[in-house]
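Worksheet: the structure to be examined is printed underneath.
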Amino acid sequence: MMTTSIEYDERQLIQLIREKAVHFGKFRLASGQLSNFYLDCRKLTLDSSATNLIAAGMWEKFQGNIPAAVGGMAVGAVPIVASILCLAGMRQIPLCGFFVRKEAKDHGTGKLIEGPVAPGQTVIIVEDVVTTGGSCVAAIAAARAFGLEVHQAICIIDRNPGVHPEFDRIGVRLDSLLTLDQLELHS
């Protein structure tokens, strides 16, 4: 039987973010907003030490309510989903993953949702960074259109904690591992 000692360590994740993911300069974010720093979370989600911490932290945010699947918008959510699936596998807990394409394929099956999920299943959406929530909300909408139940989303970093009325409007709780205040970053 495989077991794991991977545990979430907030201080260690903050240190890794500061070392690997924060870039200073002038940046236009996916939301269209301008910022004097950019959080490149792919430097974390594609790094074994950081991705294990992220998976463990998000697992804690499930609060004992293990969903049928975790998923999110391609490409950013894919390594997060994979790391959570690996953690579930090490703990011998059944869990599936999926991702939402930005647009349906124009060949093959033409799917927008990829993965072994079925309508009616409860899922959690994962994301790297949430600023306005647009990408995450789009993933939620696609998952719901497919027939999945979504009540929770989890991101690594919330750039605007408490300022996401869109999530409240659609009945989804947004949790995060960290905020800009915890990282001591300010736009």
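The values are calculated or read from the model by the stated rules, or taken from the named source; none is laboratory data. All values reported here derive from a predicted model rather than from experimental measurement. Virtual Cβ from ideal backbone geometry, glycine too; neighbours counted across all protein chains shown. In case anyone asks, the SASA skips ligands and DNA or RNA and just uses the protein heavy atoms, side chains included. Shrake-Rupley method; radii C 1.70, N 1.55, O 1.52, S 1.80 Å.
What percent do you get for the relative contact order of the stretch 1-111 when only Cα pairs under 8 Å and 6+ apart count?
Details: 136 pairs, mean separation 26.9, N = 111.
Rounded, it is 24 percent for the stretch 1-111.
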Highest-MSF residue in the chain out of Asp175, Asp158, Asp47 [GNM, Cα springs under 10 Å]
Asp47
State, as an integer percentage, the relative contact order of the stretch 58-130 based on alpha-carbon contacts under 8 Å between residues 6 or more apart.
40
Give me, ordered by chain and number, the residues 5 or more places off Asp175 or on other chains with an amide H under 5 Å from its own placed amide H.
Ala153, Ile154, Cys155
Binned at 10 Å from 0, what are the whole-percent values of the Cα-Cα distance distribution for the chain, short to long?
9, 38, 37, 15, 1
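With a cut-off of 8 Å between alpha carbons and a minimum separation of six or more residues, what is the relative contact order of the chain in percent? Write out the running numbers ahead of the final one.
On the way: 339 pairs, mean separation 34.1, N = 187.
Dividing the mean separation by the residue count of the chain yields 18 percent.
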What list of ³J(HN,Hα) values in whole Hz, one per residue of the stretch 71-85 in order, does the Karplus curve 6.51 cos²θ - 1.76 cosθ + 1.60 (θ = phi - 60°) give from phi, with Gly and Pro shown as x?
x, x, 6, 6, 9, x, 7, 4, x, 5, 4, 4, 5, 5, 4
Shape verdict for the stretch 119-170, please, from the Cα gyration tensor: rounded (a/c under 1.5), prolate (a/b greater than b/c) or oblate.
prolate
Step through the residues of the stretch 39-54 one at a time and calculate ³J(HN,Hα) from phi using the Karplus curve (6.51 cos²θ - 1.76 cosθ + 1.60, θ = phi - 60°), rounding each to whole Hz and writing x for Gly and Pro.
9, 8, 6, 5, 5, 9, 5, 10, 10, 4, 5, 6, 5, 5, 5, 4
Under a point-charge model restricted to the Cβ atoms of Lys and Arg (+1) and Asp and Glu (-1), what is the dipole moment magnitude of the chain relative to its Cα centre, in debye to the nearest 20?
400
Karplus 3J(HN,Hα) series, Hz, for the stretch 129-137 with 6.51 cos²θ - 1.76 cosθ + 1.60 (x for Gly, Pro)
10, 10, 10, 9, x, x, 5, 5, 5
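Based only on Cα atoms, what Rg/Rh ratio does the stretch 1-108 have, Rh being taken as Kirkwood's radius?
On the way: Rg = 15.8 Å, Rh = 15.4 Å.
Ratio value, two decimals: 1.02.
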Computed from the mean reciprocal separation of all distinct C-alpha pairs, what Kirkwood hydrodynamic radius does the stretch 32-77 have, in Å?
12.7
Residue-normalised accessible area of the chain, expressed per residue, 1.4 Å probe, Å²
50
Give me the compactness ratio for the stretch 1-40, meaning the Cα radius of gyration over 2.2 N^0.38 Å.
1.73
